[in-house]
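Report on the structure given below.
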Amino acid sequence: MKNILHIISSARGELSYSNQLSSAILEKLLQQGNINTITVRDLVKDAPPYADEVSIHEFYKHPELYDEQSKHLLSYANRVVDEVREADIIVIGTPMFNLGISTSLKAWLDQLIRAGVTYVFDEQWNRVGQFKGKKVYLAVASGGRSAEGAPDYVSAYIKDVFRNYTGITDVEAYRIEGTMENGFTADYESILKDFNSVTEMP
Ligand SMILES: Cc1cc2nc3c(=O)[nH]c(=O)nc-3n(C[C@H](O)[C@H](O)[C@H](O)COP(=O)(O)O)c2cc1C
């Protein structure tokens with residue numbers, strides 16, 4: 001039985017295409033069964049704090065040096081880490097903002113990724129991700145369409161950040177493009193026609 005974490009990062013609620021696409025992915029996963037829990041984290045309603053001088057100081061501390069203030073300052077970050085640790089599958093929705101991810105998703109990642117927690121260094125100073133074996137589904141909505149050969153910075157960034165700093169290598173990206181075009185209609189079934197079932201997870 002799998003636990004799912006659903007991350008919502010568009011502020012547009014039911015109008016949001018990334019929210020709808022990530023919900024359609026969730027629906028596919030539910031149809032396949034074998035799902036234990038679904039935790040929904042809406043980063044707009046429950047916004048991650050921005051890293052500031054004091055909290056960054058706590059991030060750099062060795063966990064043995066944490067005090068009461070550290071626990072308070074790291075409470076959001078620790079909950080993010082716990083939720084990712086407990087999830088087998090993470091479904092992430094994001095709008096494309098200026099070729100990148102949403103601000104709230106970036107802030108969530110900055111709360112999640114931590115040396116000594118999501119990755120450690122081995123004796124040769126190679127990073128070793130601590131969350132191997134999980135699966136990430138990414139749902140990206142963009143107002144325009146990518147030009148032929150143009151890099152998909154959003155998917156590339158999410159894949160690299162999870163691989164390098166958590167050890168999660170299985171990131172599958174789905175995109176809904178052209179949402180700002182006149183007369184645009186969303187066809188989630190065709191976007192997800194080749195949806196990779198979770199039963200194919202390692
Ligand atoms: C601040 C801002 C920046 C945007 N940047 C881009 C962009 O770089 N490329 C693009 O194709 N669409 C861009 N858009 C359009 C959104 O990606 C599009 O409206 C998308 O559907 C938003 O996701 P949502 O429907 O999940 O809210 C931008 C929209 C906003 C508000």
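Values in this text are rule-based calculations from the coordinates and carry no lab data. Since we're looking at a predicted model, the values are computed, not measured. Ideal geometry is used to build each Cβ from the backbone, glycine not excepted, and the neighbour counts take in all protein chains shown.
What does the charge count around Leu26 come to, taking other residues whose C-beta lies under 15 Å from its C-beta (Lys +1, Arg +1, Asp -1, Glu -1)? Mind dumping the intermediate values first?
Values: positive: Lys2, Lys28, Arg41, Lys135; negative: Glu14, Glu27, Asp42, Asp88, Glu172, Glu189.
Result for the local shell: -2.
Which lysines have a Cα less than 26 Å from the Cα of Lys134, not counting those fewer than 8 places away in the same chain?
Excluding near neighbours in sequence, the set is Lys2, Lys28, Lys45, Lys106, Lys159, Lys193.
Would you mind computing Rg(Cα) / (2.2 N^0.38 Å) for the chain, counting N as its residues?
1.05
If you take every residue apart from Gly143 with its C-beta less than 14 Å away from the C-beta of Gly143, what net charge results, scoring Lys and Arg +1 and Asp and Glu -1?
With Lys, Arg at +1 and Asp, Glu at -1, the neighbours total +1.
Which net charge results for the neighbourhood of Tyr60, defined as the other residues with beta-carbon distances under 14 angstrom from its beta-carbon, given Lys and Arg at +1 and Asp and Glu at -1?
That works out to -3.
Just to check I understand the Karplus step: with θ = phi - 60° and J = 6.51 cos²θ - 1.76 cosθ + 1.60, what whole-Hz values come out for region 140-146, glycine and proline as x?
10, 10, 9, x, x, 10, 6
What is the antiparallel percent of DSSP beta bridges lying wholly in region 2-200, to the nearest 5?
15 percent
What does the charge dipole of region 2-200 about its Cα centre add up to, to the nearest 20 debye, if the Cβ of each Lys and Arg holds +1 and the Cβ of each Asp and Glu holds -1?
140 debye
Given a Förster radius of 35 Å and the C-beta distance between Gln69 and Val120 as r, what FRET efficiency does 1/(1 + (r/R0)^6) yield to the nearest 0.05?
Details: r = 24 Å, r/R0 = 0.70.
So, using R0 = 35 Å, E works out to roughly 0.90.
As a check on your grasp of the helix formula, calculate [θ] at 222 nm for the chain: sum -39500 (n - 2.57) over DSSP H runs of n ≥ 4, divide by the residue count, round to the nearest 500.
Numbers: 7 runs with 69 residues, N = 202.
Helices in the chain give a 222 nm mean residue ellipticity of -10000 deg cm²/dmol.
Hey, any idea what the orientation-averaged projected area of the convex hull of region 20-69's Cα atoms comes to, in nm²? Please report the intermediate quantities before stating the final value.
On the way: hull surface 25.1 nm².
Taking a quarter of the hull surface, the average projection is 6.3 nm².
Looking at region 1-56, which trypsin sites (Lys or Arg not before Pro) are DSSP coil and have at most 12 other C-beta atoms within 10 Å of their C-beta? Could you put the intermediate results ahead of the total?
On the way: sites: Lys2, Arg12, Lys28, Arg41, Lys45; in loops: Arg12, Lys45.
Sparse-neighbourhood loop trypsin sites (Lys or Arg not before Pro): Lys45.
Can you figure out the FRET efficiency of Asn182 with Asp152, using R₀ = 22 Å and their beta-carbon distance, to the nearest 0.05?
0.40
Non-local amide H neighbours of Gly100 (under 5 Å, H modeled in plane, Pro and chain starts lacking H): which ones?
none
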